[in-house]
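Take a look at the structure below.
The values are calculated or read from the model by the stated rules, or taken from the named source; none is laboratory data. All values derive from a computational prediction rather than experimental measurement. Methodologically, a virtual Cβ is constructed for each residue, glycine included, from the backbone with ideal geometry; neighbour enumeration extends over all protein chains shown.
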Amino acid sequence: MTGIAHNLQHTRERIAAACAAAGRSTDGVTLLAVSKTFGAEDVREAHAAGQRAFGENYVQEALDKIAALADLRAGLEWHLIGPLQSNKTRVVAESFDWVHSVDRLKVAERLSVQRPESLPPLQVCLQVNVSGEASKSGVPPAEVAALAVQVARLPRLRLRGLMSIPEPAADVEAQRAPHRVLRALLDELRGQGLALDTLSMGMSADLEAAVAEGATIVRIGTAIFGGRTYPVRA
Ligand SMILES: *Cc1c(COP(=O)(O)O)cnc(C)c1O
């Protein structure tokens, strides 16, 4: 087994154990392998080990990888999880399956208009700023409901749920708190009649806390591909 295949297996075991502890089915949690800064060959290796969904932060880096892996395109799902500027929406609408980082109506509207008719609707999540830091992207919790109603109406998008990147915290209880906030927000939106099913939360360090609070997509980079070196390789 290669290093990546071994790490994937170990990550799947962590998810299964966390699901068992929470009394959840493992079918309810999708593993998104975050391949930012790693090359197309690493993604190919993960795909060969059964991984289908990949997360990327930087649009140009992702486009290069998507092109290099065009032969596998039908078997891959590409998720944008990094910040999205409005001047990059067209290429994103044309190349990705999911965007987790929608936090402004303008970006959502452009993605909807630019999503090609030949593709299914773009699956999107709203990124919520659960830690309240001015420097972080994401919608403030108080503004999520209004934005969700507007995004849910856009014809070429399918609003699936919420995403967050909480501040790192050392122990599981502290890690669970922001995930609980996101889950409560999702419940609130569902109570208002929005058909949402996705909580994108949890990374290598807080996967267990996120699954305990109801994550349906965990975004795992380091535990699968290893430590990242910056700057990003082109
Ligand atoms: C890099 C990144 C991840 C993966 O983080 P790891 O700690 O390496 O698992 C998940 N989500 C987002 C938004 C990221 O930028």
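Restricting to the range 212-232, name every residue that is more than 9 Å from the ligand (Cβ to nearest atom) and closer than 14 Å to residue 18 by Cβ.
212, 213, 214, 215, 216, 217
Of (1) touching a residue at least 12 places away in the same chain (Cβ under 8 Å); (2) part of a helix (DSSP H, G or I); (3) under 30 Å from residue 150 (Cβ atoms), residue 44 satisfies all except one. Which?
Against the list (1) touching a residue at least 12 places away in the same chain (Cβ under 8 Å); (2) part of a helix (DSSP H, G or I); (3) under 30 Å from residue 150 (Cβ atoms), residue 44 comes up short only on (3).
So which strands (runs of 3 or more DSSP E) stay within the range 62-149 end to end and still have 3 or more residues that are at pLDDT 95 or above and farther than 14 Å from residue 164 by Cβ? Don't jump to the end; show me each part of the working.
Values: elements: 77-80, 98-102, 122-127.
Of the strands (runs of 3 or more DSSP E) lying wholly inside the range 62-149, those with at least 3 residues that are at pLDDT 95 or above and farther than 14 Å from residue 164 by Cβ span 77-80, 122-127.
Based on this model, can you work out whether residue 200 counts as in contact with a Cys (Cβ under 8 Å, 6 or more places away or on another chain), under 24 Å from residue 7 (Cα atoms), within 11 Å of the ligand (Cβ to nearest atom) and not charged (D, E, K, R)?
Values: in contact with a Cys (Cβ under 8 Å, 6 or more places away or on another chain): yes; under 24 Å from residue 7 (Cα atoms): yes; within 11 Å of the ligand (Cβ to nearest atom): yes; not charged (D, E, K, R): yes.
Yes; evaluated as a whole, the condition is true for this residue.
Which one is farthest from residue 187 (Cα to Cα) among residues in the range 132-166 that are within 16 Å of the ligand (Cβ to nearest atom) and polar (S, T, N, Q)?
135
Hey, residue 169 hits all of (1) within 16 Å of the chain's Cα centre (by Cα); (2) more than 11 Å from the ligand (Cβ to nearest atom); (3) surrounded by 12 or more Cβ atoms within 10 Å (Cβ to Cβ) but one; which does it fall short on?
Status for residue 169: all satisfied but (1).
Just to be sure before I move on: is residue 63 touching a Lys or Arg at 6+ places or on another chain (Cβ under 9 Å) and either closer than 28 Å to residue 2 by Cα or crowded, with 22+ Cβ neighbours inside 10 Å (or both) in the structure I sent?
Details: touching a Lys or Arg at 6+ places or on another chain (Cβ under 9 Å): no; either closer than 28 Å to residue 2 by Cα or crowded, with 22+ Cβ neighbours inside 10 Å (or both): yes.
Against the criterion (touching a Lys or Arg at 6+ places or on another chain (Cβ under 9 Å) and either closer than 28 Å to residue 2 by Cα or crowded, with 22+ Cβ neighbours inside 10 Å (or both)), residue 63 does not qualify.
Kindly indicate whether any position in the range 137-157 is in contact with a Leu (Cβ under 8 Å, 6 or more places away or on another chain) and among the polar types (S, T, N, Q).
Yes, the range 137-157 contains at least one residue that is in contact with a Leu (Cβ under 8 Å, 6 or more places away or on another chain) and among the polar types (S, T, N, Q).
Given (1) of a type in the set (Gly, Ala, Ser); (2) closer than 30 Å to residue 45 by Cβ; (3) part of a helix (DSSP H, G or I), identify the lone condition not met by residue 227.
(3)
When both residues are 6+ apart or on different chains and their Cβ atoms are under 8 Å apart, which pairs have a first residue that lies in the range 197-224 and is farther than 18 Å from residue 177 by Cα and in a loop (DSSP other than H, G, I, E, B), and a second that is more than 10 Å from the ligand (Cβ to nearest atom) and not aromatic (Phe, Trp, Tyr)?
As it stands, the answer is 197/160; 197/161; 197/216, since those pairs meet every condition given.
Residues are listed down the side, and each one gets a yes or a no for (1) modelled with pLDDT under 95; (2) out of contact with any strand residue (DSSP E or B) (no Cβ under 7 Å at 6 or more places or on another chain):
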| site | (1), (2) |
| --- | --- |
| 168 | yes, yes |
| 178 | no, yes |
| 183 | no, no |
| 189 | no, yes |
| 208 | no, yes |
| 220 | no, no |
| 228 | yes, yes |
